[in-house]
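Enquirer: Here it is, the structure, as structure tokens.
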Amino acid sequence: MNNRLKVLRAERDWSQQDLADQLDVSRQSVNAIEKGRYDPSLPLAFKIADVFGLAIEDIFQREGAEQ
Amino acid sequence: MTDAIEEKPEVAGRSPAFWGAMMGISYACLGGLAATGAIEGVALLMLMMVPTALMIPAIKSANRRVDSGGNACFAKGEAQKRYLKRVAISTSIYMVSMGALVFVAKTPDVAFFWVVLSALAPGLAILGVFWAIGRLIVEEQDEFLRMLIIRQSLIATAIALSAATIWGFLESADVVIHLDAYWWAVLWFVGLAIGAVSNRVEYGAWGAV
């Protein structure tokens, strides 16, 4: 699964730790999700969407989908 | 904006990985000495306390990292703190019970009840570590870290069970020497370390056990 986490984070000038704190997860989790090494569960994906004020599909796209 | 995971706080002292490696090397040396018959019986039991004692600096080092906000190996979290506390208690009980086991082994004419009790106690203390890992899986709120811990445990289980099965059949055929069964638990802990390396390669983080 592809995601725009890094771009969205850059737009807000947040570090991985800033985002991790808001999501109440570890910095490693944010790093793994951002690099596409780990796909978050649906509840965590909703939480990420809430933090950015976007819909899930605005952040995560299926593999091969246009960004 | 920081791009990666590298923003580690400064933490004094050796890392938990260093002490873990020291434990692994100590167990490997003891395993080698025991397999070749160079040491056995009470001497082996006494020397088994050395690698376990290395858990103390390992736990202290891990606690320093948890308190400082964590790095690539240990994340900040209450579940990890409770886990480390439980492992510290189990390790302490193990050390004391090993002392008792050595004492009973060296004392003549001990009642059978005390022989059984002293032999059971170290095993039960190690069960405490298994229980602590189980509780960590239940209590860890970070789903990514929980997945890493489960992955580590499965890799360790696969290695230990596979080795035990192969060795068992080889032993039945008198190809290899007899090994006391607690060595499979030791191998399981080595498997946890291998699982951590696998996590690092696959997911970029070591895990939390």
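The values are calculated or read from the model by the stated rules, or taken from the named source; none is laboratory data. All values derive from a computational prediction rather than experimental measurement. Because the Cβ atoms are built from the backbone with ideal geometry, glycine has one as well, and the counts that use them run over all protein chains shown. We work out accessible area using only protein heavy atoms, side chains counted, and drop any ligands, DNA or RNA first. Shrake-Rupley method; radii C 1.70, N 1.55, O 1.52, S 1.80 Å.
Enquirer: Determine which member of the set A:Leu23, A:Leu42 is farther than 24 Å from B:Ala196 by Cα and touching a Leu at 6+ places or on another chain (Cβ under 8 Å).
Expert: A:Leu23
Enquirer: Sticking with this structure for a sec: Name the helices (runs of 4 or more DSSP H) wholly inside segment B:1-107 in which the number of residues that are small (Gly, Ala, Ser) and modelled with pLDDT of 75 or more is 3 or more.
Expert: Because the criterion is at least 3 residues that are small (Gly, Ala, Ser) and modelled with pLDDT of 75 or more, the helices (runs of 4 or more DSSP H) in segment B:1-107 that meet it are B:16-35, B:78-106.
Enquirer: Collect the residues in segment B:18-66 that are small (Gly, Ala, Ser) and more than 21 Å from B:Leu187 (Cβ to Cβ), keeping them in residue-number order.
Expert: Hits for segment B:18-66 are B:Gly41, B:Ala43, B:Ser61, B:Ala62.
Enquirer: I'd like the full set of residues that are within 14 Å of another protein chain (Cβ to nearest Cβ) and either in a helix (DSSP H, G or I) or under 13 Å from B:Ile150 (Cα atoms) (or both), limited to segment B:174-208.
Expert: Within segment B:174-208, B:Ala196, B:Ser198, B:Asn199, B:Arg200, B:Val201, B:Glu202, B:Tyr203, B:Trp206, B:Gly207, B:Ala208 meet the criteria.
Enquirer: Keeping to segment A:1-12, report how many residues are assigned to a loop (DSSP other than H, G, I, E, B) and open to solvent by less than 20 Å² (accessible area, probe 1.4 Å).
Expert: Qualifying residue count for the region: 0.
Enquirer: Here is a follow-up. Which count do you get for residues in segment B:197-209 that are hydrophobic (A, V, I, L, M, F, W, C) and out of contact with any helix residue (DSSP H, G or I) (no Cβ under 6 Å at 6 or more places or on another chain)?
Expert: Total satisfying the criteria: 2.
Enquirer: While we're on this one: Conditions: (1) away from chain A (no Cβ under 14 Å); (2) on the phi > 0 side of the Ramachandran plot. B:Val129 meets all but one. Number of the miss?
Expert: Looking at each condition in turn, B:Val129 falls short on (2).
Enquirer: What are the residues in segment A:1-12 that are more than 12 Å from the chain's Cα centre (by Cα) and more than 9 Å from every other protein chain (Cβ to nearest Cβ), if any?
Expert: Within segment A:1-12, just A:Glu11 meets the criteria.
Enquirer: Please specify each residue of segment B:176-209 satisfying the condition of being open to solvent by 80 Å² or more (accessible area, probe 1.4 Å) and touching a Pro at 6+ places or on another chain (Cβ under 9 Å).
Expert: B:Tyr182
Enquirer: Can you find a residue in segment B:163-175 that is modelled with pLDDT of 95 or more, in contact with a helix residue (DSSP H, G or I) (Cβ under 9 Å, 6 or more places away or on another chain) and open to solvent by 40 Å² or more (accessible area, probe 1.4 Å)?
Expert: Yes, segment B:163-175 contains at least one residue that is modelled with pLDDT of 95 or more, in contact with a helix residue (DSSP H, G or I) (Cβ under 9 Å, 6 or more places away or on another chain) and open to solvent by 40 Å² or more (accessible area, probe 1.4 Å).
Enquirer: Can I ask one more? Does segment A:36-44 contain at least one residue that is small (Gly, Ala, Ser) and at pLDDT below 95?
Expert: So far as segment A:36-44 goes, yes, one or more of its residues are small (Gly, Ala, Ser) and at pLDDT below 95.
Enquirer: Okay, next question. Which one of the conditions (1) open to solvent by 80 Å² or more (accessible area, probe 1.4 Å); (2) part of a loop (DSSP other than H, G, I, E, B); (3) facing another protein chain (nearest Cβ under 9 Å); (4) not small (Gly, Ala, Ser) does A:Tyr38 fail to meet, given that it meets all the rest?
Expert: (1)
Enquirer: Collect the residues in segment B:142-161 that are closer than 12 Å to B:Ala208 by Cβ and either open to solvent by 20 Å² or more (accessible area, probe 1.4 Å) or facing chain A (nearest Cβ under 10 Å) (or both), keeping them in residue-number order.
Expert: Result: B:Asp142, B:Phe144, B:Leu145, B:Arg146, B:Met147, B:Leu148, B:Ile150, B:Arg151.
Enquirer: Continuing with this model, one more query. Residues being among the small types (Gly, Ala, Ser), within 9 Å of another protein chain (Cβ to nearest Cβ) and not in a loop (DSSP other than H, G, I, E, B): count how many of those fall in segment A:41-51.
Expert: Total meeting the criteria: 0.
Enquirer: From the residues in segment A:13-32 that are more than 12 Å from the chain's Cα centre (by Cα) and open to solvent by 80 Å² or more (accessible area, probe 1.4 Å), which one is farthest from the other protein chains (Cβ to nearest Cβ)?
Expert: A:Asp21
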